[in-house]
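Here's the structure, in structure tokens; my notes come after.
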Amino acid sequence: MKLKHLLPVVAMAATSAFAQSLGTGIDKANMNLSVKPGNDFFQYAGGGWMAANPLDGEHSRYGMFNKLDDINQQRLRDIITGVPASASKGTLEQKIGGLYRLAMDSVRLNTEGAKPILPIISNIKGTTNKTELFVLTSNLNRLGVPGMISAYCGADEKNAKMNIVQVGQPRLTLGQRDFYLEQDEAMVKIREAYVQYISDLFQLVGETKEVADKKASDILALETRMAEKNYSAVQMRNPEANYHKMSYAQFLTEYPGIDWSTYFLTMGYPAFNEIVVGQPEPIQEVGKILTDTPLETLQAYAEFKVINDASSCLSDEFRAKRFDFFSHTLQGAQQDKPRWKRAVSTVDDVLGEAVGKIYVEKYFPESSKTRMKELVNNLAIALGERIDAQTWMSEETKKQAHDKLSTFYVKIGYPDKWTDYSALNIDENKSFYENMMAAAAWGYADMIEKHANKPVDRDEWGMTPQTINAYYNPTTNEICFPAGILQPPFFNPDADDAANYGAIGVVIGHEMTHGFDDQGSQYDKDGNLNNWWTEADGENFKKRTSQLAEYFNGLEALPGLKCNGQLTLGENMADHGGLNVAYQAFHNALKTNPLKTVDGFTPDQRFFLSYGLIWANNCTEQSMRQLTKSDPHSLGKWRVNGALPHINAWYNAFNIKKGSKLYLAPKKRVDVW
Ligand SMILES: [Zn+2]
């Protein structure tokens with residue numbers, strides 16, 4: 001699924017409990033009243049909170065989302081450790097408890113050391129030709145070890161009722177291609193640390209420093225070759241440029257150098273006739289790489305992928321190396337998360353809906369679902385009004401937009417049918433890593449079983465209920481709000497409309513607007529990539545959206561590091577539309593339920609303060625750099641200080657005039673949705 005999330009999907013964790021929730025009034029302690037709202041609204045709305053919640057060593061970013069995640073982590077731990085230890089084999093309780101115990105057993109993990117992966121490494125080294133190695137790595141891929149080929153089965157973007165097999169460009173260990181190709185000092189340093197990390201891992205499985213260093217530099221060169229052909233994060237955002245459907249026979253001819261039939265057979269795919277290629281050039285390059293590269297280098301790469309993949313499931317030495325590179329060097333965290341949090345995340349990743357089912361029974365009242373349905377409905381009415389009010393769009397296109405809006409598929413809280421985990425075994429006689437491989441194999445088989453040669457099931461969920469996030473999926477035209485985000489400070493049944501519309505209201509508006517952002521607008525009401533705009537309206541829309549991209553291109557994430565307006569365009573549009581639509585819905589609600597000024601703040605001011613506060617966060621420089629390079633969401637600061645200057649109502653609410661730092665002349669303000 002190509003989901004558009006509210007925020008990046010990353011593991012989040014911390015310790016202290018949630019201190020305050022939004023009520024009817026304003027907690028001035030969260031604000032920084034020494035700053036003028038028109039100069040820095042991010043500080044004005046959340047400066048007090050940020051000062052009171054500095055980064056601890058464990059976090060590279062800590063904001064409102066993390067604070068809520070603290071509560072979630074503890075709740076999940078209670079659920080997981082609450083299952084009876086005596087649960088009989090094969091029950092969900094045994095799977096949940098067993099996996100947690102395996103992840104927590106530091107004595108066993110440290111005794112086993114590298115042992116769980118040594119037979120795999122030895123098998124890779126034992127291959128005598130590329131054909132043997134390819135069969136082996138294909139099977140490792142089935143067991144969750146990433147390789148050069150990345151395939152899955154999901155909705156066909158031009159026939160969205162059906163699933164289809166799809167292949168994409170190779171996934172790079174460092175994420176974006178920039179990390180391999182850019183020559184600025186920060187990137188060069190990251191690559192030096194990366195080569196050291198690879199060498200360290202090889203030494204932990206018994207290689208000499210000399211051999212380990214050689215393998216590390218070969219691997220960087222190999223991945224750099226992939227990076228050179230890979231699409232950038234911006235290119236990946238263009239749906240048409242990433243869709244190439246063909247017959248399987250044609251695919252075999254056009255993508256030589258890879259034994260595709262062995263690959264798909266090994267992965268467990270049934271026979272199929274058609275395939276979608278995401279990024280042609282990078283995949284063709286993989287064929288060439290497999291042909292040109294010496295066996296020894298391909299083996300080293302395969303070994304590294306195994307060790308890297310296993311590094312959180314082995315002894316502390318491995319985990320320490322992993323933390324040091326990925327969390328410390330890349331993100332600036334100072335200390336690793338405690339083992340229990342990592343164990344909770346593992347269970348959450350593998351058995352998410354099993355713990356999620358218990359989670360919603362305990363923590364998600366049915367009344368929240370009812371209230372959310374009303375809010376979603378109010379937001380949909382407001383978005384419809386906003387569509388009608390646009391002066392740059394023809395009646396013809398407006399009708400299409402209304403059709404799309406009226407067919408949104410809304411998901412709230414938790415799924416109606418739950419994932420069946422009966423074919424997944426957790427066996428405590430085996431190592432933690434072997435169990436994680438079995439879980440990955442189960443996950444892949446389950447994905448194929450549900451999708452291959454089958455119609456799309458619109459009732460499948462793209463997130464677990466406990467996830468603190470939300471999404472829009474263009475191919476099913478669905479918006480989803482898991483139970484996890486339906487709690488304070490986002491959603492509070494006891495708070496007034498100003499607080500709720502400014503927080504969860506904007507979240508709902510954000511996901512709805514994704515259906516009409518620069519990407520979502522290319523999909524029709526049935527989820528097909530299909531242009532429903534008149535030519536003139538499409539041009540107008542593009543003009544307006546590129547104004548927003550240019551504006552964000554002008555902002556700086558760090559001294560010398562510009563924000564990427566093209567990469568973040570869809571999310572910035574969703575924030576922009578989300579604010580406008582939620583504000584309109586809020587004013588519709590005020591007609592029947594007027595609010596008074598409280599604590600010196602008008603209802604409109606409280607709406608914007610509520611919005612500003614949800615993005616309050618502290619972030620390391622390393623993390624800001626990594627996010628700016630790879631995250632389609634703007635940094636929290638710019639989701640506030642970059643989004644609000646385009647909202648007319650915000651100027652009125654705080655009486656912001658020319659001369660304020662965030663002030664934009666009316667004709668410079670973007671006006672879409
Ligand atoms: Zn989004």
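The values are calculated or read from the model by the stated rules, or taken from the named source; none is laboratory data. What you see is a predicted model; the values in this text were computed from it and never measured. Here the Cβ positions follow ideal geometry from the backbone for every residue, glycine too, while neighbour counts run over all protein chains shown. Quick note on the areas: whole protein, heavy atoms, side chains included, nothing else; ligands and nucleic acids left out. Shrake-Rupley method; radii C 1.70, N 1.55, O 1.52, S 1.80 Å.
Out of ASN429, ASN377, one residue alone is open to solvent by 10 Å² or more (accessible area, probe 1.4 Å) and part of a helix (DSSP H, G or I). It is ASN377. One residue stands out in segment 206-220 among those that are in contact with a helix residue (DSSP H, G or I) (Cβ under 6 Å, 6 or more places away or on another chain) and among the hydrophobic types (A, V, I, L, M, F, W, C): the one that is farthest from LEU172 (Cα to Cα), namely ALA212. Cβ-Cβ below 7 Å, separation at least six or inter-chain, first residue in segment 503-516 and within 12 Å of GLU571 (Cα to Cα), second polar (S, T, N, Q) and open to solvent by less than 10 Å² (accessible area, probe 1.4 Å): which pairs? Note: pairs meeting the criteria are GLY515/ASN477.
Considering segment 165-273, the qualifying helices (runs of 4 or more DSSP H), each wholly inside and each with 2 or more residues that are surrounded by 17 or more Cβ atoms within 10 Å (Cβ to Cβ) and at pLDDT 95 or above, run over 178-181, 185-204, 209-229, 260-267.
Scan segment 537-557 and give yes if some residue there is assigned to a loop (DSSP other than H, G, I, E, B) and within 12 Å of the ligand (Cβ to nearest atom), otherwise no. If you could, list the steps in order and put the result at the bottom.
Filtering segment 537-557 down to residues assigned to a loop (DSSP other than H, G, I, E, B) leaves 554-555.
Subset that is within 12 Å of the ligand (Cβ to nearest atom): none.
Looking through segment 537-557, none of the residues is assigned to a loop (DSSP other than H, G, I, E, B) and within 12 Å of the ligand (Cβ to nearest atom).
Here segment 585-598 is the region considered, the condition is being surrounded by 11 or more Cβ atoms within 10 Å (Cβ to Cβ) and in contact (Cβ under 8 Å) with a residue 24 or more places away in the chain, and the residue that is nearest to PHE654 (Cα to Cα) is VAL598. Could you go through segment 391-403 and let me know if any residue there is surrounded by fewer than 13 Cβ atoms within 10 Å (Cβ to Cβ) and either touching a Lys or Arg at 6+ places or on another chain (Cβ under 8 Å) or under 30 Å from ASP494 (Cβ atoms) (or both). No: segment 391-403 contains no residue that is surrounded by fewer than 13 Cβ atoms within 10 Å (Cβ to Cβ) and either touching a Lys or Arg at 6+ places or on another chain (Cβ under 8 Å) or under 30 Å from ASP494 (Cβ atoms) (or both).
Mind checking whether some residue in segment 564-579 is more than 16 Å from the ligand (Cβ to nearest atom) and either open to solvent by 50 Å² or more (accessible area, probe 1.4 Å) or without any contact (Cβ under 8 Å) to a residue 60 or more places away in the chain (or both)? Give the derivation first.
Taking segment 564-579 as the starting set, the residues that turn out to be more than 16 Å from the ligand (Cβ to nearest atom) are none.
Checked against the condition, which is being more than 16 Å from the ligand (Cβ to nearest atom) and either open to solvent by 50 Å² or more (accessible area, probe 1.4 Å) or without any contact (Cβ under 8 Å) to a residue 60 or more places away in the chain (or both), segment 564-579 yields no hits at all.
Confirm whether LEU7 is touching a helix residue (DSSP H, G or I) at 6+ places or on another chain (Cβ under 9 Å), away from the ligand (no atom under 16 Å from the Cβ) and at pLDDT below 85. No: the conditions fail for LEU7. In segment 634-673, of all residues being open to solvent by less than 30 Å² (accessible area, probe 1.4 Å) and in contact with a His (Cβ under 8 Å, 6 or more places away or on another chain), the one that is nearest to ASP604 (Cα to Cα) corresponds to ILE647.
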